[in-house]
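Notes follow once the structure below has been shown.
None of the figures in this text is laboratory data; all of them are computed from the coordinates on show. Here the structure is a predicted model, which is why all the values come from computation and not from measurement. Using ideal geometry, Cβ is built from the backbone for each residue, glycine included, and neighbour counts are taken over all protein chains shown.
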Amino acid sequence: MALNILLVDDSTTVRAVIARSLELAGVPVGNLHQAANGREALAILGREWIDLVFADINMPVMNGVEMIEKMREDGLLQTIPVVICSTEGSVSRIEQLRAAGVRAYIRKPFTPELLRQVVEDTVGVPHDG
Amino acid sequence: MTVETTELIGGVFCDVLARMAFMFGDPTGPDALPTPAAGALQAVMDFRGERCGSLTLAAADSLCPELAANVLGLEPQEAQALERSGDAFQELLNVTCGHVLTAVAGEAAVFDLDAPRLGRIDGDGWTALRDAPDAVGFVVEGHPVLLRLHFDA
């Protein structure tokens, strides 16, 4: 089963790197959606079926933490696993994110292998073929 | 900034550069770096927390398409590498900043980071950055690069 994935980051480069890493890691991706901030992401989440979200923390308009808080207010959206992909190194902030419901945290830069491991741990995976 | 801090920052930058872009940086005294003839790209990122300040990264224009190509797995001549060179450069600063702050202040410290601001500097701007007492220099794949961690007073 292919996963519908939403990438949320204000950097087009980071979104491209995650997309390429998912491909290199052999994660089967169905529809790949992209948003430049939390508000754009919520709009996509409201109209598309998404299995997994990768989100940055620091973004303009609506940051990753605000986006997660909004998702937790929605009965359906709160079930969608969110993986934070950021440069954040503060242990207490990472703990806060986990307490807010974030399923996993990846610190940039990352490898395709790590990305695959996180996908497997988060949603169980789906192997191609 | 102490010699130890300078070495720490240099090591963090080279590690991030290698893991993110598969490029290698050679720490070099800023005075030994040539001034980029065609100007340079500069990205600045402010941070606030137990200490406030900014991290500045500047590099010769010629480095940026190579950087974007390596990060994205493209050829430097490809249109996407040229289009995304500024964005890739900002992301290199963003990732470096997160790791530098952890290295300098520890994992218990909490910082809020602003989005990087991208701009261009001419020869005078390069010289001013190079001559700052807390600037660190590198040669990356033959291109001059400056990094400056500055704490507000």
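One table, with the values for the structure above:
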quantity	calculated
Some residue of the range B:20-31 being touching a Leu at 6+ places or on another chain (Cβ under 8 Å), at the interface with chain A (Cβ under 10 Å from one of its Cβ atoms) and over 16 Å from B:G137 (Cβ atoms)	yes
Qualifying residue in the range B:138-148 (condition: within 14 Å of another protein chain (Cβ to nearest Cβ) and within 16 Å of the chain's Cα centre (by Cα))	no
Those strands (runs of 3 or more DSSP E) lying entirely in the range A:15-115 with at least 1 residues charged (D, E, K, R)	A:104-107
A:A55 being buried (at least 21 other Cβ atoms within 10 Å of the Cβ), of a type in the set (A, V, I, L, M, F, W, C), touching a residue at least 24 places away in the same chain (Cβ under 8 Å) and in contact with a His (Cβ under 9 Å, 6 or more places away or on another chain)	no
Single residue of the range B:97-125 satisfying the filter (in a helix (DSSP H, G or I) and more than 8 Å from chain A (Cβ to nearest Cβ)) that is surrounded by the fewest Cβ atoms within 10 Å (Cβ to Cβ)	B:D124
Test: residue in the range A:92-104 that is farther than 30 Å from B:E50 by Cα and either more than 13 Å from every other protein chain (Cβ to nearest Cβ) or among the β-branched types (V, I, T) (or both)	no
Within the range B:126-153, tally of residues that are closer than 26 Å to B:T102 by Cβ and surrounded by fewer than 12 Cβ atoms within 10 Å (Cβ to Cβ)	3
The listed residue being surrounded by 14 or more Cβ atoms within 10 Å (Cβ to Cβ), small (G, A, S) and farther than 18 Å from A:T13 by Cβ, out of A:G75, A:G46, A:G38, A:G64	A:G38
Within the range A:70-110, tally of residues that are more than 15 Å from the chain's Cα centre (by Cα) and among the hydroxyl-bearing types (S, T, Y)	2
